[in-house]
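Asks: Can you keep this structure in mind? I'll have questions shortly.
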Amino acid sequence: MDFKIKFRGLFKVIITFSLILGLSSFTIDEKPHLKIFEIITFEEFEQMMNQKSDKLRVFNFWATWCAPCVKEMPYFEKVAADDAEIELIFISMDDGRKPERVTNFIEKRNVKAPVYLLNDVDYNKWIDKISEDWSGAIPATLFIKSDGSKVFHEGEVNESELKALIAGIK
Amino acid sequence: MKKLSNTLLALMFMFALTPLVNAQTQGYQVGDKATDFNLKSVDESWVSLAGINGAKGAIVIFSCNTCPYVVAYEDRMIDLHNKYAAKGYPVIAINSNDDKVSPGDSFEKMQERAKEKGFPFPYVYDKSQDIIKAYGGSRTPHVYLLNKEGNDFVVKYIGAIDNNYQDASAVTEKYVEDAMDALLSGNKIAQETTKAIGCTIKWTKAD
């Protein structure tokens, strides 16, 4: 059984339907936004961390119920939108049995960065593999530079703190 | 110019985050002596470690009303108290969240939650956040198992309750129970610290 929910497919269906229903008179002046949401294991997240990238990758750990996380998300999206050298990825700590909480959030808040739900509650097994500096509180953010080196930050940031953090890492 | 602004930003960042870094690096390690406290519980009584009759220690849990992980663990917190209070190790739940930042964590809301769930243990409010800062708690739920040695309360275990918040029946490692049972039988605690994802503490904002 495949638990992965792919929004690309859903979007294609919606767009096709829109066209069939004669809504093609709408001019789509920007390319349709393809939202990515997947439920992943810790092993899959490790592979993601170990991938090579020319960009500064920013993994933000959050959950829909976490008020400070939700508050800081737009700052991350803004900073990523303004800087082509940054690749932003949201890692949800939400309940893997209720992915609709996350997909509804993505729709409602129009989250643009890819979102992955890390579905492994045996936290003590993997928190230190992300960073030994992480107590486990969220929000938390892992920065991985193009050379593979990591910088970890636990706690909420505002926009200027985030910019300063990134400037310091670069 | 870019370099200058980067340097300025980096400096701003260092100033902005200095208090956060300090808050995270302080606190107890296993083996440290924990401070006592005198905090008001939901039944309006004042609770201290020294004031608990017959206590050989305590299972101190930094908790709150609003965190889904806490909600998932409330029944297991009750079970821990019912299992170990009679053996001298009651649960003491401490809410340290600022009720201006998180109105759902006010003392009145604590009283409501304690009544709804019928908490058999004290549920106290650390409004000043002095106690959580002394202990080094960073999230909810965050357990500090204390053992009374002479007049001191010594930290024996710090971390999570077990390894599956979602489903108590799927737990394979009962960290707190294992630590308690080792302590009661005079054995060494195998796993003295664990980590878990939890809700961040709602720290009081400096005006």
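Asks: Is the range A:35-169 best put as rounded, prolate or oblate by its Cα gyration tensor, with a ≥ b ≥ c the root eigenvalues, rounded for a/c under 1.5, and otherwise prolate when a/b is larger than b/c, oblate when not?
Replies: Rounded, because the longest to shortest axis ratio a/c is under 1.5.
Asks: Using a 10 angstrom cutoff on alpha carbons, build the Gaussian network for chain B and name the most mobile of B:Val101, B:Val91, B:Val60.
Replies: The residue with the greatest mean-square fluctuation here is B:Val101.
Asks: Pairs A:Lys150/B:Lys127; A:Lys129/B:Lys33; B:Lys33/B:Lys87: which are spaced more than 28 Å apart, C-alpha to C-alpha?
Replies: The answer is A:Lys150/B:Lys127; A:Lys129/B:Lys33.
Asks: About its Cα centre, what dipole magnitude does chain B give when the only charges are +1 on Lys and Arg Cβ and -1 on Asp and Glu Cβ, stated in debye to the nearest 20?
Replies: It works out to roughly 580 debye.
Asks: Under 13 Å from the Cβ of B:Asn38, count the other residues' Cβ atoms, weight Lys and Arg +1, Asp and Glu -1, and hand me the total. Can you show the working numbers first?
Replies: Details: positive: B:Lys40, B:Lys127; negative: B:Asp36, B:Asp126, B:Asp130.
Every neighbour counted, the sum reads -1.
Asks: Where Lys and Arg each count +1 and Asp and Glu each count -1, what net charge lies around B:Thr200 among other residues with Cβ under 12 Å from its Cβ?
Replies: -1
Asks: Under the definition of partner shielding as Cβ atoms of other protein chains within 10 Å of a residue Cβ, what is the mean value for peptide B:190-197? Could you put the intermediate results ahead of the total?
Replies: Values: counts 0, 1, 0, 1, 5, 11, 8, 17.
The mean count of partner-chain Cβ atoms within 10 Å per residue comes to 5.
Asks: Using the Cα centre of the range A:35-169 as origin and beta-carbon charges of +1 (Lys, Arg) and -1 (Asp, Glu), tell me which of A:Val70, A:Gln51, A:Ile138 is placed farthest towards the positive end of the dipole.
Replies: A:Val70
Asks: Please give the average number of partner chain Cβ atoms lying within 10 Å of the Cβ of each residue in A:136-148, rounded to a whole number. Don't jump to the answer; show the numbers that get you there.
Replies: Values: counts 13, 13, 5, 1, 2, 0, 0, 0, 0, 0, 0, 0, 0.
That average works out to 3.
Asks: Just the Cα atoms of chain B, one point each, no solvent: what log10 I(q)/I(0) does Debye give at q = 0.11, 0.15, 0.16 Å⁻¹?
Replies: -0.52, -0.91, -1.03
Asks: Of all DSSP beta bridges located in the range A:35-169, what percent are antiparallel, nearest 5?
Replies: Taking every DSSP beta bridge with both residues in the range A:35-169, the antiparallel ones total about 40 percent.
Asks: Considering only B:Gly104, B:Gly51, B:Gly136, give the residue with the highest GNM mean-square fluctuation for chain B, with springs between Cα atoms whenever their separation is below 10 Å.
Replies: Among B:Gly104, B:Gly51, B:Gly136, the largest GNM mean-square fluctuation belongs to B:Gly51.
Asks: Which of the aspartates and glutamates could be linked to A:Lys170 by a straight reach, that is with a Cα gap under 19 Å, when you skip same-chain ones fewer than 8 residues away?
Replies: Output for A:Lys170: A:Asp54, A:Glu77, A:Asp82, A:Asp83, A:Glu85, A:Glu87, A:Asp147, A:Glu154, A:Glu159, A:Glu161.
Asks: Related question: Which percent, to the nearest 5, of DSSP beta bridges fully inside chain B are antiparallel?
Replies: Values: 21 of 30 bridges.
Close to 70 percent.
Asks: What relative contact order, as a whole-number percentage, does chain B give when Cα pairs under 8 Å and 6 or more residues apart are counted? Kindly include the intermediate steps, with their values, before the conclusion.
Replies: Details: 350 pairs, mean separation 52.4, N = 207.
The normalised contact order for chain B reaches 25 percent.
Asks: If you put +1 on each Lys and Arg Cβ and -1 on each Asp and Glu Cβ, how big is the dipole of the range A:35-169 around its Cα centre, in Debye rounded to 20?
Replies: The calculated dipole for the range A:35-169 is roughly 340 debye.
Asks: Sum up the charges of everything whose Cβ sits under 12 Å from the Cβ of A:Val102, counting Lys and Arg as +1 and Asp and Glu as -1, but leave A:Val102 out.
Replies: +1
Asks: Ordered by residue, what ³J(HN,Hα) values in Hz, to whole numbers, does the range B:48-57 give under the Karplus form 6.51 cos²θ - 1.76 cosθ + 1.60, where θ = phi - 60° and Gly and Pro are x?
Replies: Values, residue by residue: 9, 5, 5, x, 8, 5, x, 6, 9, x Hz.
No value in this document is a laboratory result; all are computed from the given coordinates. Everything numeric in this text was worked out from a predicted model, so none of it was measured. Methodologically, a virtual Cβ is constructed for each residue, glycine included, from the backbone with ideal geometry; neighbour enumeration extends over all protein chains shown.
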